[in-house]
Amino acid sequence: METIIALSGSNSKTSINSMLLDYIINAIQSQPASRLHLLDYDIPMYNLDLEQERGIPIDIQIIKNKIAEASGIIIGVNEHNGMISAYFKNILDWLSRADRNFLANKKILLVSTSPGARGASSALEYMKSTAPRFGGVIAESFSFPSFQENFDVNNLSITNPAMELGISQVLASFLQQLDN
């Protein structure tokens, strides 16, 4: 059975985007889904000189291969100052150097959250326009606003029924698109 991988653009061990991803992974019952913990990999800051001297890091090749093997990808898009984090941008830079179409025909669910009312929507919009450049197909997206007001971190549960319904609907649509 094909699997879904979920990855977070955050390099924080206490990332709210990672918590939201864990909630979503736990909600998937129809097929295997797991987190790809990017923090487990050694990825230097991208630099053309480094690439020419050492080539593409082996950990980038491993991540690229895991993406290639997945039936679908869920990305937790975090936001720093209205943009994706430098950490995640760096990973995208390396992956695109390893293979410009590293997301080739992969169906993607983008989710974002933040403490504020916009739910990291600027970073989410950036990824909606960027992922297709690398061959990805945005199946669904969801911006989850005011994380602390709508999510119980102790129980990994959504406390706002409207937000829970919204996540459930985009997840169901994403899973249905994977089957097509």
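The values are calculated or read from the model by the stated rules, or taken from the named source; none is laboratory data. In this text the structure is predicted, and so the values were computed from the model without any measurement. FYI the Cβ positions are ideal-geometry reconstructions off the backbone, even for glycines, and counts take in every protein chain you see. To get the accessible areas, we keep the full protein, side chains included, count just its heavy atoms, and leave off ligands, DNA and RNA. Shrake-Rupley method; radii C 1.70, N 1.55, O 1.52, S 1.80 Å.
Of everything in region 108-122 that is without any contact (Cβ under 8 Å) to a residue 60 or more places away in the chain and either assigned to a helix (DSSP H, G or I) or open to solvent by less than 50 Å² (accessible area, probe 1.4 Å) (or both), the residue that is farthest from Gly9 (Cα to Cα) is Gly116.
Scan region 123-146 for residues that are open to solvent by less than 10 Å² (accessible area, probe 1.4 Å) and β-branched (Val, Ile, Thr) and jot them down. Across region 123-146, the qualifying residue is only Thr130. Within the option set Asn26, Asn47, Asn105, being among the polar types (S, T, N, Q), open to solvent by 10 Å² or more (accessible area, probe 1.4 Å), more than 30 Å from Asp152 (Cα to Cα) and touching a residue at least 12 places away in the same chain (Cβ under 8 Å) holds for one residue only, Asn105. Within region 147-176, the residues that satisfy the criterion of being of a type in the set (Gly, Ala, Ser) and either open to solvent by 40 Å² or more (accessible area, probe 1.4 Å) or in a loop (DSSP other than H, G, I, E, B) (or both) are Ala162, Ser168, Ala172. Determine if region 63-74 includes at least one residue that is of a type in the set (S, T, N, Q) and either farther than 30 Å from Gln169 by Cβ or touching a strand residue (DSSP E or B) at 6+ places or on another chain (Cβ under 7 Å) (or both). Yes, there is a match, as at least one residue in region 63-74 is of a type in the set (S, T, N, Q) and either farther than 30 Å from Gln169 by Cβ or touching a strand residue (DSSP E or B) at 6+ places or on another chain (Cβ under 7 Å) (or both).
Scanning region 30-70 for residues that are part of a loop (DSSP other than H, G, I, E, B), over 14 Å from the mean Cα position of the chain (by Cα) and either under 26 Å from Glu140 (Cα atoms) or not β-branched (Val, Ile, Thr) (or both) returns Ser30, Gln31, Pro32, Tyr41, Asp42, Pro44, Met45, Tyr46, Asn47, Gly55, Pro57. What number of residues within region 54-86 satisfy the criterion of being out of contact with any Asp or Glu (no Cβ under 8 Å at 6 or more places or on another chain), polar (S, T, N, Q) and either open to solvent by less than 10 Å² (accessible area, probe 1.4 Å) or modelled with pLDDT of 95 or more (or both)? Going through region 54-86 one residue at a time, the tally reaches 3.
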